[in-house]
Structure formats: structure tokens, C-alpha cells
1. Checking the structure you have, find out if any residue of region 109-117 is at pLDDT 80 or above and in contact with a helix residue (DSSP H, G or I) (Cβ under 9 Å, 6 or more places away or on another chain).
2. Across region 39-55, what is the number of residues that are part of a helix (DSSP H, G or I) and either touching a residue at least 40 places away in the same chain (Cβ under 8 Å) or surrounded by fewer than 19 Cβ atoms within 10 Å (Cβ to Cβ) (or both)?
3. Would you say residue 144 is part of a helix (DSSP H, G or I), touching a His at 6+ places or on another chain (Cβ under 9 Å) and not polar (S, T, N, Q)?
4. For the subset of region 1-18 comprising residues that are assigned to a loop (DSSP other than H, G, I, E, B) and free of Cβ contacts under 8 Å to residues at least 12 places away in the same chain, which member is surrounded by the fewest Cβ atoms within 10 Å (Cβ to Cβ)?
5. How about region 132-182: which of its residues are surrounded by 13 or more Cβ atoms within 10 Å (Cβ to Cβ), basic (Lys, Arg) and farther than 22 Å from residue 67 by Cβ?
6. Among the candidates 33, 62, which residue alone is at pLDDT 85 or above, farther than 18 Å from residue 147 by Cβ and surrounded by fewer than 16 Cβ atoms within 10 Å (Cβ to Cβ)?
7. Would you tally the residues in region 150-184 being assigned to a loop (DSSP other than H, G, I, E, B) and either of a type in the set (Val, Ile, Thr) or at pLDDT 85 or above (or both)?
8. Do you know which of the residues in region 129-154 that are of a type outside the set (Val, Ile, Thr) and free of Cβ contacts under 8 Å to residues at least 40 places away in the same chain is nearest to residue 87 (Cα to Cα)?
Amino acid sequence: MNRQDDPKDRALIELAIEGDSEAFETLYLRHLEKIYRYIYFRVGDEAQAEDMAEEVFVKTWEALPNFKLGQNPFTSWLYRIAHNLLVDQYRRRNPVSISEEELARHSDSSELPERIVGRKQEWEMLAKAVRQLDSLDQQVILLRFVEGLSHREIAAIIGKSQTASRVIQHRALKTLRALLSRRGIVNV
């Protein structure tokens with residue numbers, strides 16, 4: 001899939017580049033949830049993810065005059081800024097795991113308690129396995145399967161070719177299958 005900027009976003013981006021703060025606010029509101037989710041899956045802490053997502057948009061506003069419209073999609077550029085912020089964060093300290101309380105907050109309250117517990121256990125096993133991957137593998141898996149980005153978009157974010165993105169995904173999935181099968185999870 002070859003995503004380009006939404007025409008509505010494109011007009012807003014042009015205005016924001018010229019310094020229109022209302023246009024930027026609209027872009028912020030349209031993209032905040034995606035950037036927050038991407039960061040949250042990496043850090044596992046809601047407050048930290050909120051702070052970092054805000055910082056992404058501060059950095060975006062500051063760097064916006066240098067954004068080249070049409071070169072890469074705006075969303076890819078946002079993910080790249082988020083990625084760089086995460087790299088800086090990981091250099092400062094180790095990632096935090098997702099707590100059971102946070103998983104419970106994201107569960108469907110109409111489910112039976114047994115299913116909720118089973119899903120929490122599965123998510124925790126998957127989260128532990130993903131955390132065992134190296135940083136680049138984690139990033140590609142999250143961008144591809146959590147955020148639903150194309151290999152083209154991922155390649156722009158990680159600064160590699162589409163082929164490299166596919167190879168990294170394949171390698172990461174193979175590693176995840178091995179890690180999960182050692183834990184007794186079949187059909188992965």
C-alpha cells in the first residue's frame with residue numbers, strides 16, 4: 001500500500017509550514033492518538049506515553065519549516081520523530097513493562113473474567129517476547145502489526161529500504177514464533 005498525505009492534511013500541512021498554529025492544532029488532533037499508541041506500546045506507561053507524544057508534536061512544530069511536502073508522508077515523518085525520541089529514551093534507561101492494571105483498563109468489561117485473565121496472560125507473554133527482540137525488530141513489528149503501516153512507510157521511518165523492512169519483519173516474526181513456542185504457545 002502506497003499511502004500519501006490525505007488531501008485535507010496536505011492543505012493543513014502547507015498552512016502549518018507557513019506558521020498557521022490553528023492548522024497545526026488540527027493536524028495534532030488528527031494524529032495524536034496514532035503517535036500515542038505507537039509510543040505506549042514501546043514504553044508501557046500511559047503517563048510517559050502521553051508526555052512523549054506531546055514532545056513529538058513540540059519537536060514537529062519546531063522542525064515543520066524543514067518538512068519537505070511530498071517527499072514522504074507526514075505520518076511517516078511523525079513516526080520518525082517519535083522513533084528518535086524513543087531511541088533517546090532507551091539510551092537513558094531500560095523500557096518499562098506493561099502492568100496488569102494497564103492491561104485491565106484496555107479490556108472489554110463485558111467479557112467473562114476467565115477470558116479477560118486468559119487474554120491478559122497472552123498479551124503479557126507476547127509483550128515479553130516482543131521486548132526480547134532488538135529495538136529495530138520491535139519497531140518494525142509494532143509499526144506493521146499495531147499501526148498497520150506499509151513497508152514503504154516503515155522504510156521511511158527506519159531509514160532503510162522496503163526490502164530491508166520486509167527482511168527485518170520476517171526475521172522478527174521467526175524469532176517471535178520461536179520464543180512463543182518455547183513458552184508452549186502453539187499456532188503462532
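The values are calculated or read from the model by the stated rules, or taken from the named source; none is laboratory data. This is a predicted model, so every value here is computed, not measured. Positions of Cβ are backbone-derived with ideal geometry, glycine not excepted, and every protein chain shown enters the neighbour counts.
1. Of the residues in region 109-117, the ones at pLDDT 80 or above are none.
Among the residues of region 109-117, not one is at pLDDT 80 or above and in contact with a helix residue (DSSP H, G or I) (Cβ under 9 Å, 6 or more places away or on another chain), which makes the answer no.
2. The first filter runs over region 39-55 and keeps only residues part of a helix (DSSP H, G or I), leaving 39-43, 46-55.
Within this subset, residues satisfying the condition of being either touching a residue at least 40 places away in the same chain (Cβ under 8 Å) or surrounded by fewer than 19 Cβ atoms within 10 Å (Cβ to Cβ) (or both) are 39, 41-43, 46-48, 50-51, 54-55.
Qualifying residue count, region 39-55: 11.
3. Details: part of a helix (DSSP H, G or I): yes; touching a His at 6+ places or on another chain (Cβ under 9 Å): yes; not polar (S, T, N, Q): yes.
For residue 144, the condition - part of a helix (DSSP H, G or I), touching a His at 6+ places or on another chain (Cβ under 9 Å) and not polar (S, T, N, Q) - is met.
4. Kept after step one, since they are assigned to a loop (DSSP other than H, G, I, E, B), are these residues of region 1-18: 1-6, 18.
Narrowing further to those that are free of Cβ contacts under 8 Å to residues at least 12 places away in the same chain: 6, 18.
Values: 6: 14, 18: 10.
For region 1-18, the residue satisfying everything is 18.
5. Correct list: 144, 166, 171, 177.
6. Details: 33 fails: farther than 18 Å from residue 147 by Cβ.
Selected residue: 62, the only one of 33, 62 that is at pLDDT 85 or above, farther than 18 Å from residue 147 by Cβ and surrounded by fewer than 16 Cβ atoms within 10 Å (Cβ to Cβ).
7. 4
8. Restricting attention to region 129-154, the residues satisfying the condition of being of a type outside the set (Val, Ile, Thr) are 129, 131-139, 142-145, 147-153.
From what is left, the residues that are free of Cβ contacts under 8 Å to residues at least 40 places away in the same chain are 131, 134, 136-137, 144-145, 148, 151.
Numbers: 131: 14, 134: 12, 136: 10, 137: 13, 144: 18, 145: 20, 148: 21, 151: 20 Å.
Ranking the qualifying residues of region 129-154, first place goes to 136.
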